[in-house]
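In what follows, a structure is listed as structure tokens, so that the remarks can point back to it.
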Amino acid sequence: MPWLEPVTLTCEGTRLEPLTQSHRAELSDAVGDGELWNLWYTTIPRPEEMGAEIERLGAKLDGVLRQLQRAADGKLRDTCVYSIIHSEWPSVKAHLRWQLTRPRPGT
């Protein structure tokens with residue numbers, strides 16, 4: 001099976017790229033600003049629940065690389081490594097398709 005390379009789209013003032021665990025800290029900061037998880041019209045996880053969302057999609061936590069990187073403020077941060085192996089992909093893919101097509105409450 002050929003693997004697709006991630007694609008990043010850019011234009012003036014905008015950049016769209018696939019999310020990875022390296023975005024977790026920034027996503028947590030973004031949802032923490034204004035407590036988006038408290039808004040009735042969103043399904044944003046709390047910052048401390050961000051890792052569980054990736055696991056909910058079917059990825060498995062392979063391990064935590066403790067104090068792997070130093071942030072701009074000097075603090076050391078951990079990096080979580082997730083994966084989906086080839087034999088897991090059919091069931092993960094089926095679950096994701098079901099998530100996209102299942103009826104939503106109130107629709």
| note | For the chain, using Cα atoms only, the Rg and Dmax in Å read 16.5, 47
| request: Before anything else, pin down the relative contact order of the chain: Cα pairs under 8 Å, at least 6 apart, normalised by residue count, whole percent. | output: 16
| said: Just to confirm my numbers, what's the Cα centroid distance between region 50-107 and region 1-31 in Å? | reply: 14
| remark: With Cα springs under 10 Å, the Gaussian network model of the chain assigns the largest mean-square fluctuation among 34, 63, 74 to 74
| request: Starting at the first residue of region 88-99, write each ³J(HN,Hα) from the Karplus equation 6.51 cos²θ - 1.76 cosθ + 1.60 with θ = phi - 60°, in whole Hz, x for Gly and Pro. | output: 7, 4, x, 6, 5, 4, 4, 5, 5, 4, 4, 4
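Every number here is computed from the coordinates shown, using simple stated rules; none is lab data. This structure is a prediction, so every number in the text was calculated from the model and none was measured.
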